[in-house]
Amino acid sequence: VPAASAEPSAFDFPELAAGIDEHLHVAEGYEAQVLLRWGDPLYADLAAFDPTAQSPEGQEKRFGYNNDFVGFIPLDGDANRGLLVVNHEYTNAELMFACLGATDRKGVIAALSAEQVAIEMAAHGGSVVEIRHRDGGWAPVIGSAFTRRITARTPMAITGPAAGHPRLATAADPEGRRVEGMINNCSGGVTPWGTWLSGEENIHYYFQGRLPEGHAEAGNAKTMGLGTPQYGWGRFHERFDLSKTPNEPNRFGWVVEIDPFDPASTPRKRTALGRFKHEGAAGATAGDGRYVVYLGDDERFQHVYRFVSAGRVAATRAENADLLDSGTLSVARFEADGTGRWLALTHGTGGLDAANGFASQADVLIETRRAAKLLGGTPMDRPEDIEANPKTGRVYVMLTNNTKRTPEQIDAANPRPLNAFGHVIELSPEGGDHSAETFRWEVLVRCGEPAKPEVKASFSALTTADGWFGMPDNCAFDGSGRLWIATDGNNRRATGRADGIWAMETEGPRRGTSRHFLQVPVGAEMCGPCFAPDDRTFFVAVQHPGEPDEEGGLGSYEKPSTRWPDFSPDMPPRPSVVAVTRKGGGRIG
Ligand code: FEO
Ligand code: CA
Ligand code: CA
Ligand code: CA
């Protein structure tokens with residue numbers, strides 16, 4: 001029985017019991033409406049989705065696969081009408097094409113046809129969907145003038161200091177300024193000027209083959225983990241074969257800025273924000289009006305970054321069109337005394353020079369990871385989403401796990417060896433200014449089951465047996481500045497619970513108390529938490545329901561562990577965006 005506290009909770013919803021099954025569950029008094037499913041038509045005059053009649057052209061007009069980041073951009077200041085911008089991170093071919101008959105990932109890659117690969121490419125990227133709230137529920141506006149699908153083939157511009165560099169040039173694009181598509185877009189952000197930032201994350205999975213012997217990009221390729229393909233695209237497309245197009249990987253791993261108000265606009269890969277496995281790109285405006293983007297590089301022993309624009313945020317979208325092309329990218333160094341510093345990745349300083357293989361700022365940005373290590377950035381336990389609390393200005397860093405950290409490698413900011421459950425760091429910029437060079441920091445919570453002393457979790461004693469979680473991934477703040485955390489990986493680590501949403505107290509005596517709000521179906525992770533501006537709707541993204549889990553034995557390549565949300569024998573499980581509301585209306589939580 002958790003300790004009692006005189007201090008009332010910041011949240012008033014009844015806690016949901018933790019567990020794992022085929023369904024989505026939300027706290028009593030709330031309802032969850034499935035808003036957009038993979039395959040749902042976004043344009044007029046399309047038939048209902050039939051998984052046995054897929055085509056690349058059809059997928060380009062339908063909601064994509066594995067929804068991750070969700071952003072809501074109000075239209076005309078109307079809380080009941082807005083643009084939902086959604087990342088489609090990756091595809092699960094074994095679930096999309098039930099006919100494959102493969103029993104493992106290698107088999108899936110080998111079994112895919114050229115057309116199925118083209119469908120996968122069309123199911124990646126992102127969607128812009130106008131949604132309206134009417135008659136008690138949200139619905140997409142099919143055929144809205146704003147509707148857009150972005151795919152792995154959408155023409156994009158490369159901008160900023162690395163644009164036009166020979167290391168970005170290919171036979172298809174000798175100038176190094178045009179690229180086809182974005183891939184593995186995980187989380188992201190929405191800017192104050194109404195654009196959508198989308199982070200390209202695990203881009204290494206898409207490239208097969210080997211670089212030519214002695215190729216100059218060999219070190220760079222190794223740092224980015226190339227050589228472990230999870231997709232068969234290179235069987236049909238030379239640009240995804242390293243032996244044929246060695247520079248193509250340098251054209252991925254960036255933050256993409258998209259104008260959702262203009263479906264004809266060209267998305268821009270903003271190289272000033274660095275190249276690595278970008279989790280997200282949530283931001284805040286500094287005291288002097290410059291725009292600050294917090295950036296996590298989601299891999300074991302990689303870093304936390306921050307970009308500060310050179311210019312200030314102006315009033316209109318047009319005036320901010322190139323704001324993210326110049327500024328300072330920095331890596332975080334966490335000291336044991338609870339202080340920290342942003343170290344600028346600026347060419348010609350700190351050893352980022354020709355003697356170390358950095359001939360220009362373009363080289364620093366193309367090999368951000370190597371530059372960050374050289375400067376002494378702190379290697380972290382897989383930095384995922386990083387977001388600033390709009391009320392307090394404090395910044396929260398989700399560190400999902402790192403089971404490779406040895407006892408010799410622990411430090412104050414990554415305090416547990418074999419960190420299976422992750423932790424959350426709270427960072428307070430000096431003087432409350434997001435552009436300050438220094439900050440203070442502390443661990444808000446070490447995740448995992450408190451009843452197991454060997455886990456060394458640190459939730460407050462008020463946290464119930466349902467209230468703890470592992471593997472924080474995404475987070476969101478509501479309009480009151482309350483923190484909500486989404487998880488990825490609980491059902492894989494035999495925690496006895498599915499992933500979901502937990503509400504987290506950050507203030508007063510209840511700080512460090514978490515409370516279970518929503519549970520996703522087996523196999524899924526929880527992405528995209530995003531509040532509508534009036535806090536009356538909470539949009540969440542259920543990603544890869546029914547995904548086979550080789551480690552945990554939940555589901556297999558032949559048989560999905562759930563068929564959520566349709567539960568029809570003819571329909572595979574479908575990644576979907578869900579709108580959560582309070583029954584009878586009112587603020588969430
Ligand atoms: Fe795509 Fe870091 O999760
Ligand atoms: Ca994900
Ligand atoms: Ca993520
Ligand atoms: Ca994750």
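Values in this text are rule-based calculations from the coordinates and carry no lab data. Values in this document were obtained by computation on a predicted structure and should not be read as measured data. Every residue, glycine among them, receives a Cβ derived from its backbone with ideal geometry; neighbour counts consider all protein chains shown.
The table below lists the values:
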| read-out | value |
| --- | --- |
| Value of relative contact order over the stretch 202-252, rounded to a whole percent, pairs C-alpha under 8 Å and six or more apart | 48 percent |
| 23 Å Cα-Cα threshold exceeded, pairs from Lys106/Lys404; Lys452/Lys559; Lys277/Lys404; Lys269/Lys404; Lys61/Lys106; Lys61/Lys277 | Lys106/Lys404; Lys452/Lys559; Lys269/Lys404; Lys61/Lys106; Lys61/Lys277 |
| Kirkwood-based shape ratio for the stretch 199-335, expressed as Rg/Rh from alpha carbons | 1.03 |
| Contact order normalised by residue count of the chain, Cα under 8 Å, 6+ apart, percent | 16 percent |
| In Å, descending, principal axis extents of the Cα set of the chain | 63, 59, 49 |
| Local electrostatic count at Phe358 - Lys and Arg +1, Asp and Glu -1, tallied over other residues with Cβ under 10 Å | -2 |
| By average C-beta atoms within 10 angstrom, highest first, the peptides 558-564, 579-585, 362-368 | 362-368, 558-564, 579-585 |
| Cα-derived Rg to Rh of the stretch 256-350, Kirkwood definition | 1.00 |
| All Cα pairs of the stretch 1-101, percent lying beyond 15 Å | 77 percent |
| Kirkwood hydrodynamic radius over Cα pairs of the stretch 202-252, then Stokes diffusion coefficient at 4 °C and 1.567 mPa s, in µm²/s | 123 µm²/s |
| Taking the stretch 542-586 and dividing mean pair separation by its residue count, relative contact order in percent (alpha carbons under 8 Å, at least six apart) | 34 percent |
| Helix-derived mean residue ellipticity, 222 nm - over the chain, DSSP H n ≥ 4, -39500 (n - 2.57), to 500 | -2000 deg cm²/dmol |
